[in-house]
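The values are calculated or read from the model by the stated rules, or taken from the named source; none is laboratory data. The model shown is predicted, which means the values in this text are computed figures rather than measured ones. Cβ atoms come from the backbone with ideal geometry, glycine included; neighbour counts cover every protein chain shown. When the accessible area is computed, the model is the full protein with side chains, heavy atoms only, and any ligands, DNA or RNA have been set aside. Shrake-Rupley method; radii C 1.70, N 1.55, O 1.52, S 1.80 Å.
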Amino acid sequence: MKNLKTTARSTVAMRRWGPPGIVTFAAMVAFAALGPANAAKQTRQVAEQVAQREAGEPIMAIVSIKSQQVTFYDAEGWILRAPVSTGTTGRETPAGVFAIVEKDRDHRSTMYDDAWMPHMQRITWNGIALHGGPLPGYAASHGCVRMPFGFAENLFDKTNIGMRVIISPNDAAPADFSHPSLFVPKREAIAAVPSRADKLSYEADEATRASDEAKKAAAAAAKEAASLPASLRKLEQQKTRADAELAFAEKTLANAKTDQARAKAEELKQKAAAKAADATTQLDAAKAAAQPKRDAVAATKEAAKVAATKKADAVKAATDAKLALEPVSVYISRATQKLYVRRNTHKPAPDGGGEVFDTSIEVPVTIRNPDQPLGTHIFTAMARNDTGLRWSVVTIDSGDDAKNALDRITIPQDVWDRIGPTALPRSSIIISDEPLSAETNYRTEFVAVLSHQPQGGFITRKPTAPPMDVASDDGWDNGGNGFGFFYQQRDPYVQPANPRRQRGQYQYFQSTQPMQRSWW
């Protein structure tokens, strides 16, 4: 057993540093052990490869279902490549656009009998992930993308939440691309971001304090005025009784037959009149004193409302300024005729697992010839260059070609003006015929699957629970930091699945609430 472990470690070392295209000794032994029955399937499995250069931070991973291979890319090209095992027939790994949403070094499946999924990197919350696992040389998983154990371990610390994962039905690779519609950042805008973020953060703190004080003042005024209705009701009842006693005394006086009776009735009337006058005086005085208190309640309530609005605007502006320091992702759907913008806030999700993504921009777009397919194209800012950003494109679904697809879309200029000047490397623009999957929520970037490809491993999983509604205007972290607006109930619509493979349907994301539009 000791010799076997030593051999395994040596094999991992060869995989990491061996020359591209060389099949490891362990892979050849495994191939021979399969026997003739599985030899044909095994011949498609590629060897692990490492680029012979210093690798940068991974920007994207592309999984080829056809070749059963995953390739990771940095700004200069591919850096790591390995065989994989995707979903088997009936539980196919969905082809589409994803991003890493959670990482777990020693994950145990809650869906498949506590199965060990080491170095798990989740790409949907319903259970699709990249992880270490056995590789028979062909598609054999329940929908996940299995990678070699050593490869998954070596990769784990190199990736980050939000890294793009593209699953293609065929072989695909990024190609250099340029187009006037792509983001063109401005150095002065990027340079101004830190100071602007600090300034707006200070203003947000001040607005939060003012809002808290206004809320306290409104609560105190409301508390002071809370006893007014009962007090006034008591005085009104006293006046009603006094008036009744006076009326009775007047009637008694009118009916008196003797001088003695009239004298007694007159005395009763004078006492009743004095009592009624006193009750009227008390009630009038209480009403006069109550009005300023009522006015104070109305004024402080309105002031608190105005302060809360200013706080929300200030916090949103501060949040946007901070998010300008993050890569921005844009998704344009022909199915919904909408454009969506997302950035990772790096705030931990309050209900556990993953991080919160900003979802505050969703606007209509105009697509020329909207009945004609666009295809699915992922444009990625790979690095800075002299003109701003160097872009690549990956096409995973044929429709129109990438240039024509981008030409056909009219993007609202105000949105581009908001996000373009501060766009950073790793920013992306995705154009697709597909709507966003229902798996897209506040804890994901964009999740979209190709509806005409098999998706058994996606559809058979239980959908992610929808996001919670906002509980209060203070958000979820007790600091009033403005992230409460991520909790927006989603209203899913039906998107048809592949009729060749599945009998069911899955749903896609569509907001039922108007999105916030404020930016800088």
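Please state the equivalent ellipsoid semi-axes for segment 339-381: what are the square roots of 5 times the Cα gyration tensor eigenvalues, largest first, in whole Å?
The equivalent ellipsoid of segment 339-381 has semi-axes of 30, 13, 10 Å.
Look at where the Cα atoms of segment 244-271 and of segment 163-199 average out, and the two centres are 95 Å apart.
Remark on residue 80: its backbone amide H falls under 5 Å from those of 51, 72, a criterion applied only to residues 5 or more positions apart or on other chains, H modelled at 1.01 Å from N. In segment 149-182, which residues have a backbone nitrogen under 12 Å from the label point lying 7 Å from residue 403's Cα in the Cα-to-Cβ direction? Once the point is set 7 Å along Cα→Cβ of residue 403, 177-180 turn out to lie under 12 Å by backbone N, inside segment 149-182. The lysines within cross-link reach of residue 462, meaning a Cα-to-Cα straight distance under 25 Å and a gap of 8 or more places when in the same chain, are 103. Cross-link partners for residue 293 among the lysines, with Cα-Cα distance under 19 Å and sequence neighbours closer than 8 places in the same chain left out: 215, 216, 223, 234, 301, 305. First measure r as the distance between the Cβ atoms of residue 290 and residue 198, then evaluate 1/(1 + (r/R0)^6) with R0 = 51 Å and state the FRET efficiency to the nearest 0.05. For residue 290 and residue 198, the calculated efficiency is 0.60. If the segment from residue 233 to residue 206 were pulled out straight at 0.36 nm per residue, it would be longer than the present Cα-Cα gap by 5.5 nm. Projected onto their three principal axes, the Cα atoms of segment 215-325 cover extents of 99, 15, 14 Å, largest first. For segment 185-301, the relative contact order works out to 37 percent when only alpha carbon pairs closer than 8 Å and six or more residues apart are counted. Surface listing: 231, 333 arranged by accessible area from highest to lowest gives 231, 333, probe 1.4 Å. Reachable aspartates and glutamates from residue 310, Cα under 14 Å, same-chain residues fewer than 8 places away excluded? Those aspartates and glutamates meeting the cut-off are 203, 205, 206, 212, 213, 302, 473, 474. For trypsin sites (Lys or Arg not before Pro), the sites in segment 248-313 that DSSP calls loop and that have at most 12 other Cβ atoms within 10 Å are 257. Annotation: amide H-H contacts under 5 Å for residue 60 (H modelled 1.01 Å from N, sequence separation of 5 or more, or interchain): 73. Residues 386, 243 ordered from highest to lowest accessible area at a 1.4 Å probe: 386, 243.
A simple spin-label model places pseudo-atoms 7 Å from Cα toward Cβ; at residue 277 and residue 104 they are separated by 8.4 nm. Rg/Rh for segment 295-410 (Cα atoms only, Rh after Kirkwood) is 1.14.
From the alpha carbon centroid of segment 78-107 to that of segment 310-365 is 25 Å.
Under a 5 Å amide H cut-off, with hydrogens placed 1.01 Å from N, residue 145 pairs with 129, 130, 131 among residues at least 5 apart or on other chains.
Suppose accessible area is computed on protein heavy atoms with a 1.4 Å probe; arrange 434, 267, 245 from highest to lowest.
Values: 434 10, 267 100, 245 80 Å².
The ranking, largest first, comes out as 267, 245, 434.
For the pairs 316/403; 186/347; 311/347; 66/338, note any where the Cα-Cα span goes beyond 29 Å. Mind dumping the intermediate values first?
Working: 316/403 35 Å; 186/347 27 Å; 311/347 20 Å; 66/338 31 Å.
As for pairs spanning more than 29 Å Cα to Cα, those are 316/403; 66/338.
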